[in-house]
Amino acid sequence: MAANMGLEGPEELEQLAFKRINEGKIKEGLKFVLRAAKGYEEEGKKGDAARLYKYLGYILLERTKLIEKSRPFLLKSAYLYIDLIEKEITRPGVNLDTLDDYCSNVLEVFLTLNDERNLMKYAEEFAAIYEDLGNSYRDNDDITMAIRAYESAYRYYKIIDSIESYKRIAEILITLYGQVAEEKLEKGDLKGAAEAFYRLASFIRSIFGYDIHFIEMMDTAAKNFEKASKLAYSNGDLDRTTSCLVKAQYAYLLARNFNRAKLIGINTVRMLYQIVSSHRANGNDDMAAEKLVEMAEALIGIGKIKEAMETYKSALETRSDMKFRANVRLAILKQFAASKGDEDLLEDIDTIEYYTNKKNYPKALELAEKVLLRKDELKEVANMLYEAEGIYH
């Protein structure tokens, strides 16, 4: 089977394909991509085949701007991913990360093809799959996995705008995050409790809106982040101290306690100056870069955008990281959402954070960028951000 291709197999064909593409021989390279995809399919390697068909579809769309040219390959990719989903959910131990990846790919294809019917159909199916998984994990007292599954169900019900369904899931998540927060507090894990309260607040907002219920819970999260920072400080852990303080600052911002947020932000910036200097003196450049991004976030939170972007630029000169880019955009959006009381923007922030929590920084960055560009009032800030990143629009 593989011998018929004149090479050992699809892996070699794929390598050759990308070698040709990198040499600028696009047409020849794409022919090899197609042959590699077919080869993977013949060998039953559906994941690799789906990946290459999707790549081929997007390259054709980018080059021709014609959906019809890319449609057959994108559809082929989507249906291979659907086969993989069906296989994954029958396994004794479902891998939620793998399942998430497959589901996201399917919906991305139908979104690209403007195929609303299939987008809605499969989003609803995926929501039901995740809700069933959540119920199963919950029945087995695996709260961590239940939360992960329910959060995915919530996202998919949001896509189809099934208000009754996503509010039902939000109520379950409020209960579960409440349990987690209580358990963390009992164990003295204040940072863990604060993070649970923060997530709890988000789901409260999805039911009640940007009102007193959300504000009170976000304030509770902020207070616990602040307590966690004091505990870390007493233990001499300055890195953890500032991480907790920046989280406290933004939780206070979202709780619209602007005075407290500003005070924490100013003190955190001062502390971070010393910590960055210390890391640099010890040759720990990676940690210095992380703390510079934290400093940029703290500066954004107190409205010092110019200083924040200079600090951010300094971080990127040490280490360019997709996580940094996503986090700085999130900070800009949170500060703006809090100042305007913008509930729709908080919804977007929630989705971006869903991906940062899963460490899917490319997706988080893509979404954050779209939201940032949608806001005319943030155009000037966006330009300063691009300048810091060395991108000129």
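The values are calculated or read from the model by the stated rules, or taken from the named source; none is laboratory data. Quick caveat: nothing in here was measured; it's all calculated off a predicted structure. As a convention, Cβ positions derive from the backbone with ideal geometry for all residues, glycine included, and neighbour counts pool all protein chains shown. Protein only, heavy atoms only, side chains kept; ligands, DNA and RNA dropped before computing areas. Shrake-Rupley method; radii C 1.70, N 1.55, O 1.52, S 1.80 Å.
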Residues of the chain: accessible area per residue with a 1.4 Å probe, Å²: 49
Separation of the K65 and S339 label points, Cα + 7 Å toward Cβ, nm: 3.6
Compactness index (Cα Rg / 2.2 N^0.38 Å), region 205-294: 1.21
Nearest-ten-degree value, helix 238-254 long axis tilted from longest Cα axis of the chain: 90
Percent of C-alpha pairs per 10 Å bin, region 51-158, short to long: 15, 43, 27, 12, 3, 0
Measure of compaction for region 9-89 (Cα Rg per 2.2 N^0.38 Å): 1.08
Förster radius 41 Å - calculated FRET efficiency between E387 and E124 (Cβ-Cβ, nearest 0.05): 0.40
Accessible surface of region 9-89 [probe 1.4 Å, protein heavy atoms]: carbon and sulfur percent: 55
Between helix 190-208 and the chain: long-axis angle, C-alpha atoms, 0 to 90°, nearest 10: 70
Under 13 Å, Cβ to Cβ, from A146 - net charge with Lys/Arg +1 and Asp/Glu -1: -4
Proximal lysines relative to K31, as straight alpha-carbon distance under 21 Å, when same-chain residues fewer than 8 apart are discounted: K19, K45, K46, K54, K65, K69, K76
Helix axis angle, 379-389 relative to the chain longest principal axis, alpha carbon, degrees: 80
Structure-derived Cα extents along the principal axes in Å: which label, when the choices are [x] 68, 49, 40; [y] 52, 50, 41; [z] 58, 46, 39: [x]
Under 19 Å from the Cα of K223 - lysines, other chains or at least 8 residues apart: K184, K187, K191, K247, K262, K334
Accessible carbon and sulfur surface of region 175-289 relative to its total accessible area, %, 1.4 Å: 50
Förster radius 35 Å - calculated FRET efficiency between Q274 and I143 (Cβ-Cβ, nearest 0.05): 0.35
Among V381, F32, A146 - extreme Cα towards positive end, dipole of the chain, charges at beta-carbon: V381
Cβ-based net charge around S314, under 15 Å, with every Lys or Arg adding one and every Asp or Glu removing one: -4
Charge sum, other residues only, whose C-beta stays under 11 Å from E294's C-beta, Lys/Arg counted +1 and Asp/Glu -1: -1
